[in-house]
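Every number in this text was worked out from the coordinates using simple rules, so none of it is lab data. Small disclaimer: the values here were computed from a predicted structure and weren't measured. Cβ atoms come from the backbone with ideal geometry, glycine included; neighbour counts cover every protein chain shown.
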Amino acid sequence: MPNITKHRRFVATAVAVTLGATTLAACGGSDDDGEAQSGPAKLTYWTWTPGMDKVVDLWNKGPGKEQQITVTVKKQASGDTLVTKILTAHKAGKGPDLVQAEYQALPTLVSNDAVADIAKEAGDAKGKFADGVWQQTTLGSDAVYAIPQDIGPMMFYYREDLFEKYGLTVPKTWDDFAETARKLKKKEPGVDLTTFSANDSGLFAGLAQQAGAKWWSAEGQKWKVGIDDAATRKVADFWGGLVEEGAIDNQPMYTPAWNKALNTGKQIAWVSAVWAPGTLTTAAPDTQGKWKMAPLPQWSDSENVTGSWGGSSTAVTTDSRHKGAAAKFAAWLNTDPQALTALAKEGGIYPAATTAQTSDAFAQPPAFFSNQADFYTAASEIAKTTAPSAWGPNVNVAYTSFKDAFGAAAKDKSDFGAALRRMQDDTVADMKKQGFEVSE
Amino acid sequence: MSSLAVRKTAPAAGTTPGTVQGPPLRRRIALVPTLTLLLGALYCLLPVAWVVIAATKSGSELFSTFTFLPGTGFAENLSDLSAYRDGVYWQWMGNSALYAGVGALLSTAVSAISGYALAIYRFRGREAVFSVLMAGVLMPPVILAIPQYLLLAKADLADTYWSVLLPLVLSPYGVYLSRIYAAAAVPADVVEAGRMDGAGEWRIFTRIALPMMVPGLVTVFLFQFVAVWNNFLLPYIMLSDDEKFPITLGLFTLLEQGSNTPALYTLVITGALLAVLPLIALFLVIQRFWSLDLLSGAVKS
């Protein structure tokens with residue numbers, strides 16, 4: 001063995017040890033954004049909306065230039081993962097100034113103190129939105145945590161040509177809907193009206209919302225979880241019954257098989273939201289001009305409500321050093337006619353601001369629905385009937401539980417009521433674990 | 001298993017006489033292992049074939065034509081992909097090459113020098129350092145991503161190229177492999193002879209030991225390159241500016257565009273196909289060093 005002096009031994013130890021600390025020691029100077037000072041504001045904005053950089057350019061060249069507020073878009077992937085990323089950045093105090101957030105994610109962001117109350121700076125934007133939409137950004141308090149950007153009022157989509165071929169009429173109530181499904185099954189056993197899919201929880205949440213469910217509500221200091229309430233149980237039993245008797249399909253949506261079923265007319269209707277034309281364009285390209293949109297079936301003749309599936313808002317983070325400037329931009333982005341037109345054109349969003357829903361940008365129907373000239377007029381009428389929603393601080397847990405429990409129940413054609421109870425139990429258990437007080 | 005298969009087929013072929021005295025014919029194809037391997041190959045290659053074929057389909061063909069029927073849209077997909085947001089895809093590709101290339105080189109250099117030190121020198125705490133490294137091997141990098149983010153954010157390095165490169169520099173597995181390899185490939189006598197001739201430690205390392213360690217280091221480089229190229233979580237947490245995204249992250253944003261825009265499946269599939277090509281090329285080029293490594297390592301120990 002080599003004979004090594006004490007000195008060499010020391011050097012070798014030092015080398016091996018310092019290498020272990022390379023990641024820490026190698027921190028050099030920063031080459032990125034410096035500390036923001038007073039005066040001109042530079043804001044960063046995390047969003048997933050396609051073409052948002054072009055919309056923001058309008059701001060940077062127009063009102064932003066006058067007020068010396070420059071916004072930079074950093075494009076992100078949408079979904080729950082972005083919420084996690086925002087919370088991680090917030091923990092380091094490095095969050096961006098503005099974030100795009102889905103409505104159901106807002107309570108999570110608020111309870112982690114990641115988004116700021118901008119009631120003072122942007123409270124007067126309230127009049128531009130329907131009450132049910134605005135209420136989602138206040139969480140029932142006096143605070144305003146975000147400005148609504150886009151919404152997803154739910155609708156009923158069906159193949160006009162095939163409905164005619166099979167002698168079906170557009171269902172007005174859910175009872176009609178069930179009858180239509182059975183009638184079709186009798187006439188053409190190989191064709192399904194639609195499917196019950198458990199891989200997007202937003203759909204079920206929207207249907208429950210239409211039926212009047214309130215999944216989360218606050219009572220003083222305590223939360224009340226009502227996932228297993230009468231309204232939701234009605235919805236679960238309705239769909240569970242249809243799946244069990246085989247009146248509709250039980251295969252998940254957004255799969256190649258589902259795309260094919262829609263494209264070849266093996267499934268002839270879809271309960272969806274205002275953004276469905278975009279999805280159908282890729283899923284069923286051969287059926288362009290053959291679909292029509294109608295209001296969602298109702299639970300009784302006298303009612304006229306719909307749920308919402310999707311939609312998002314623009315929030316200002318608590319990390320921002322320019323909350324006032326950021327709130328100004330958020331308000332402009334979602335209420336200014338020029339911005340909204342650009343958002344519709346570049347980002348393909350359906351605006352939350354009520355006046356924008358009937359603006360010139362929505363005079364023409366989507367290309368896929370060229371046969372339905374009044375698509376957007378009808379859509380804006382439906383949007384007005386959106387039921388209020390009630391989100392809680394752990395929507396993600398409830399959604400995951402829904403996917404697991406209902407996915408299995410749909411596959412086995414078993415009791416949806418049991419799946420709903422599991423969803424309720426999982427959600428309550430998680431809230432207790434997180435330290436929220438939950439009333440039984 | 002193989003001998004069983006051989007014996008079963010041997011009498012049927014009628015080549016061996018009644019008494020089985022000599023060794024069974026080894027040249028006969030062993031059916032069961034061959035089938036198993038073929039099945040394994042099919043299992044691995046079928047998804048690759050799917051990607052290759054799906055990349056040739058246009059948007060309207062993707063879900064409507066037979067899965068393994070080649071489509072007509074490859075050129076169009078390619079130009080659409082290049083045109084997407086002014087060619088940001090190629091920027092991602094370049095970023096991935098930078099992260100994987102520079103990251104793997106730095107990490108190989110660090111692994112080489114520390115692996116050599118741990119294998120050749122005896123000093124107090126050597127085993128302790130090595131045990132810590134072993135613990136590091138067992139620690140999935142995924143767990144470290146968030147603490148690393150918080151540390152780098154403190155140093156104002158989050159959302160820079162450094163934030164992805166620095167955490168990759170120290171690879172416990174690379175150091176471990178280098179130490180094992182150095183211990184086997186660099187004889188103590190050679191180091192001693194160098195010292196007798198008056199060479200300094202640095203000179204011994206760079207001129208004598210390093211060339212002997214090259215095959216092992218190629219392996220470390222390759223492992224690191226592939227790991228960085230496929231890495232997702234670390235850059236996902238570190239980066240918010242999509243001009244700095246590596247390819248994995250870029251494709252993810254292409255897929256998750258929000259519900260109101262049509263998903264860009266054709267672009268994602270074509271992008272994924274192009275993203276594996278550099279890896280395949282790298283493997284083909286470096287593969288010869290790799291097999292050499294396994295061979296020489298076995299002989300020398």
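A few notes on this one:
- Within the stretch B:173-187: backbone nitrogen closer than 15 Å to the B:VAL137 label point (7 Å, Cα to C-beta): B:173-184
- Estimated FRET transfer efficiency when R0 is 51 angstrom, pair B:LEU31-B:PHE289 (beta carbons, to 0.05): 0.90
- Under a 5 Å amide H cut-off, with hydrogens placed 1.01 Å from N, A:TRP291 pairs with A:GLU160 among residues at least 5 apart or on other chains.
- Residue (of A:ASN263, A:LEU242, A:LEU162) at the positive-pole extreme of chain A, dipole from beta-carbon charges: A:ASN263
- Of all DSSP beta bridges in the protein assembly as shown, antiparallel share, percent nearest 5: 65
- Computed label-point distance, nm, for sites A:THR173 and A:ASN199 using a 7 Å Cα→Cβ extension: 3.4
- From its DSSP helices (H runs of at least four residues, each -39,500 (n - 2.57)), the protein assembly as shown gives a residue-normalised ellipticity at 222 nm of -17000 deg cm²/dmol.
- If R0 is taken as 22 Å, the Cβ-Cβ distance between B:VAL52 and B:GLU256 corresponds to a FRET efficiency of 0.35.
- What the phi angles of the stretch A:222-239 give under the Karplus curve with 6.51, -1.76 and 1.60, with θ = phi - 60°, is a coupling list of 10, 9, 10, 9, x, 5, 8, 8, 4, 5, 5, 5, 4, 5, 5, 5, 4, 6 Hz, glycine and proline written as x.
- For A:PRO365, net neighbour charge (Lys/Arg +1, Asp/Glu -1) across residues whose Cβ lies under 11 Å away: 0
- Between B:ARG124 and A:TYR166, the distance separating the two model label sites (each 7 Å from Cα on the Cα→Cβ line) works out to 8.3 nm.
- Across the stretch A:312-440, Cα-Cα pairs farther apart than 18 Å form 71% of the total.
- In degrees, nearest ten, helix A:174-187 long axis to first principal axis of chain A (Cα): 70
- Within 10 Å of each Cβ in B:116-128, the average number of Cβ atoms from other chains: 5
- Separation of alpha-carbon centers, the stretch B:135-199 and the stretch B:104-124, rounded to whole Å: 8
- Contour excess over end-to-end distance, with Cα ends at B:ALA83 and B:ALA183 and 0.36 nm allotted per residue: 30.9 nm
- R0 of 45 Å, Cβ-Cβ distance A:ALA218-A:GLN338: FRET efficiency to nearest 0.05: 0.75
- Neighbours of B:LEU150, meaning other residues whose beta-carbon lies under 10 angstrom from its beta-carbon, give a summed charge of +3 when Lys and Arg score +1 and Asp and Glu score -1.
- For the protein assembly as shown, the share of alpha carbon pairs falling in successive 10 Å distance bins from zero is 2, 12, 19, 21, 18, 13, 9, 5, 2, 0, 0 percent.
- Karplus-derived HN-Hα couplings along the stretch B:194-211 (A = 6.51, B = -1.76, C = 1.60, θ = phi - 60°), whole Hz, x at Gly and Pro: x, 5, 4, 7, x, 7, x, 4, 5, 5, 4, 5, 6, 8, 10, 6, 4, x
- The stretch A:396-420 residues near the modelled A:ASP237 label - backbone nitrogen below 19 Å, point 7 Å along Cα→Cβ: A:406, A:409-410, A:413-420
- Gained length - A:LYS384 relative to A:LYS61, 0.36 nm times residue gap less alpha-carbon distance: 112.9 nm
- Averaging the Cα positions of each part gives two centres, and for the stretch B:208-233 and the stretch A:121-183 these lie 55 Å apart.
- Label-point separation in nm, A:LYS433 to B:ILE146, each point 7 Å along Cα→Cβ: 1.3
- Angle of helix A:6-20 to the longest C-alpha principal axis of chain A, folded into 0 to 90 degrees and rounded to 10: 30°.
- The mean number of Cβ atoms from other chains found within 10 Å of a Cβ in peptide A:42-50 is 3, as a whole number.
- Relative packing of A:313-324, A:248-259, which averages over residues the other C-beta atoms within 10 Å, highest first: A:313-324, A:248-259
- Extended-chain gain in nm, criterion 0.36 nm per residue less alpha-carbon gap, A:ARG321 and A:ARG182: 44.1 nm
- Neighbour net charge for B:LYS57 - beta-carbon separation under 13 angstrom, K R +1, D E -1: -3
- Taking the stretch A:293-321 and a reference point 7 angstrom along Cα→Cβ of A:THR377, the backbone N atoms nearer than 17 Å belong to A:293-295.
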